[in-house]
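What follows is a set of notes on a single structure, which appears directly below.
The values are calculated or read from the model by the stated rules, or taken from the named source; none is laboratory data. Keep in mind it's a predicted model, so treat the numbers as computed, not measured. Neighbour counts are summed over all protein chains in view; Cβ atoms, including those assigned to glycine, are modelled from backbone coordinates with ideal geometry.
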Amino acid sequence: MIEDNVCSNDYASMFIRKTNMNNKEYIKGKETITLDSKEFAEKLVIASEDENEVCGLMFGKDNHVSEITMVRNEKPSPSYFEFSSMEAGEAIFVAMQKKLKLIGVWHSHPQNEPNPSMTDYDYMEAHPGIWTIYSPRFTKWASWIRVGNTIHPVKTMIDYNE
Ligand SMILES: [Zn+2]
């Protein structure tokens, strides 16, 4: 089954580009990210209760994700997502006020393994940073980063220490 999801949002994309993410720089010494356990558990529950893809943005400092936000999926589907431009913009604005950096994008694959689809691959270019995918069906999660034409896995640890 080929999953066909997308996050084609010009506004969010522009905003993300403005944060000046350079994935080549990003991956140096940052092949591991940690996710705040509470934030992660909450989103995992939400993802597992929704038959459609859920999505959002990840913020934090360095390689630690301290806030995982929800952004409304404008085109609800089990195999597709598209950010609400307003909500994505708001989430970025709020995070900037808190001096948090945008670390990446997350979304769920209700039916599939947490591997990037072809559409994810395409959109990873427009939305740089780390892409974390939750797969509630398989109770798996995985993160990825695209550098050039290659997708690299990013080790994803849950931080229970906060
Ligand atoms: Zn996907």
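Examine region 122-130 for a residue that is at pLDDT 90 or above and either hydroxyl-bearing (Ser, Thr, Tyr) or in contact with a Leu (Cβ under 9 Å, 6 or more places away or on another chain) (or both), and state whether such a residue exists. No, every residue in region 122-130 fails to be at pLDDT 90 or above and either hydroxyl-bearing (Ser, Thr, Tyr) or in contact with a Leu (Cβ under 9 Å, 6 or more places away or on another chain) (or both). Closer than 17 Å to residue 147 by Cα and assigned to a helix (DSSP H, G or I) - does that describe any residue in region 95-112? No; the residues of region 95-112 include none that is closer than 17 Å to residue 147 by Cα and assigned to a helix (DSSP H, G or I).
Scanning region 142-157 for residues that are touching a strand residue (DSSP E or B) at 6+ places or on another chain (Cβ under 7 Å), buried (at least 16 other Cβ atoms within 10 Å of the Cβ) and in contact (Cβ under 8 Å) with a residue 60 or more places away in the chain gives 143, 145, 154, 156. Within region 85-119, the residues that satisfy the criterion of being among the small types (Gly, Ala, Ser) and either without any contact (Cβ under 8 Å) to a residue 24 or more places away in the chain or in contact with a strand residue (DSSP E or B) (Cβ under 6 Å, 6 or more places away or on another chain) (or both) are 88, 91, 95, 104, 108.
Table: residues versus (1) within 10 Å of the ligand (Cβ to nearest atom); (2) surrounded by 24 or more Cβ atoms within 10 Å (Cβ to Cβ); (3) under 16 Å from residue 40 (Cβ atoms).
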{"site": "101", "(1), (2), (3)": "no, no, no"}
{"site": "115", "(1), (2), (3)": "yes, no, no"}
{"site": "119", "(1), (2), (3)": "yes, no, no"}
{"site": "122", "(1), (2), (3)": "no, no, no"}
{"site": "130", "(1), (2), (3)": "no, yes, yes"}
{"site": "133", "(1), (2), (3)": "yes, yes, yes"}
{"site": "137", "(1), (2), (3)": "no, no, no"}
{"site": "140", "(1), (2), (3)": "no, no, yes"}
